[in-house]
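A short reminder: the numbers here are calculations on the coordinates, not readings from a lab. Here the structure is a predicted model, which means the values were calculated and not measured. Ideal geometry is used to build each Cβ from the backbone, glycine not excepted, and the neighbour counts take in all protein chains shown.
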Amino acid sequence: MHFVTSVILSLSLVIPTLALAEFQLFPIVYEVVSVPDGDVLNVREEPSASSYDLDDLLPGQQAEVTALDETGTWARILWHGGDAWVSLKFMQPVKQYGDDFSTMPINQQCGGAEPFWSVDITYDSQFGFTEMGGDTEWMPIETSTMSHNMYRSNYAFETPRFTGFIRRAECSNGVSDKTYGWALDLLEKGKGDLWSGCCQTNLPVVDGY
């Protein structure tokens, strides 16, 4: 796996606008830091300290940030069945790894609806495809490539069954209220069927969270 050392991460800290998502800088995984001992980071319904407190993040716990608010001080995160907000003051980016071919994002959980299907992309570039009610079909990611365009946020990859395309984009699966940060399209070889869905990063569990 290759360590992704991109100027994208630093740009996300110095260009504080919600429009960043339009420039495909997000999603980025952050972790909770600088929280006093014994304290937690509140997860808010809206980007405001007076907004309803949905739950808490523990020190060291990670969350996938999909956008910033207009002030650049609040981060929108994926939270259970929808979106939520945390203070960016107590978050810092986590070093992320990509595959060995093109640094394409790995450790992703993806899915689409009607018909329902899911995909797991593992750390070792294995690709698991599951149709609702069926068994998971595992196959290797044989190769991937990154777009040569500005921001380089689009990737194409090959498996024995699918040609896949994954890109940074605000994505909705039509089922939950989450605004995902990755969009996935799969073209099934030989059939021409197109499967479209959204992805999020699999995050480590911290004390049951």
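If Lys and Arg each add +1 and Asp and Glu each add -1, what is the summed charge of the other residues whose beta carbon sits under 13 Å from the beta carbon of Ala63? Please report the intermediate quantities before stating the final value.
Working: positive: Arg44, Arg76, Lys178; negative: Glu31, Asp55, Asp56, Glu64, Asp83.
So the environment of Ala63 carries a net charge of -2.
List the relative contact order of the chain as a percent without decimals, with contacts defined as Cα pairs under 8 Å and 6+ residues apart.
Working: 494 pairs, mean separation 38.8, N = 209.
Once divided by the residue count of the chain, the mean separation gives 19 percent.
I'd like to know which of Thr143, Trp85, Asn173 lies farthest towards the positive end of the charge dipole of the chain, counting +1 on Cβ of Lys and Arg and -1 on Cβ of Asp and Glu.
Toward the positive end, the furthest listed residue is Thr143.
Which order, highest average first, do 57-70, 104-117, 31-44 follow once you tally other Cβ atoms within 10 Å for each residue and take the mean per peptide?
So the peptides 57-70, 104-117, 31-44, ranked by packing, come out 57-70, 104-117, 31-44.
When you take every Cα atom in the chain, what is the radius of gyration, and what is Dmax, the widest Cα pair distance, in Å?
Expressed in Å, the Cα Rg and Dmax of the chain come to 17.3, 57.
What number results when the radius of gyration of region 98-201, computed over Cα atoms, is divided by 2.2 N^0.38 Å?
Numbers: Rg = 12.9 Å, N = 104, 2.2 N^0.38 = 12.8 Å.
It is 1.00.
Let me check against my output: what whole-number percent is the relative contact order of region 114-209, with C-alpha pairs under 8 Å and at least 6 apart?
14
Report the extension gain between Lys191 and Gln126 in nm, rounded to one decimal, defined as 0.36 nm multiplied by the number of residues separating them, less their alpha carbon distance.
Once the chain is fully extended between Lys191 and Gln126, it gains 21.2 nm.
Suppose a student asked you for the relative contact order of region 31-73, using Cα pairs under 8 Å spaced at least 6 residues apart; what percent would you report?
40
With the crude spin-label approximation of a point 7 Å out along Cα→Cβ, what separation in nm comes out for Ser51 versus Asp135?
Result: 4.5 nm between the two label points.
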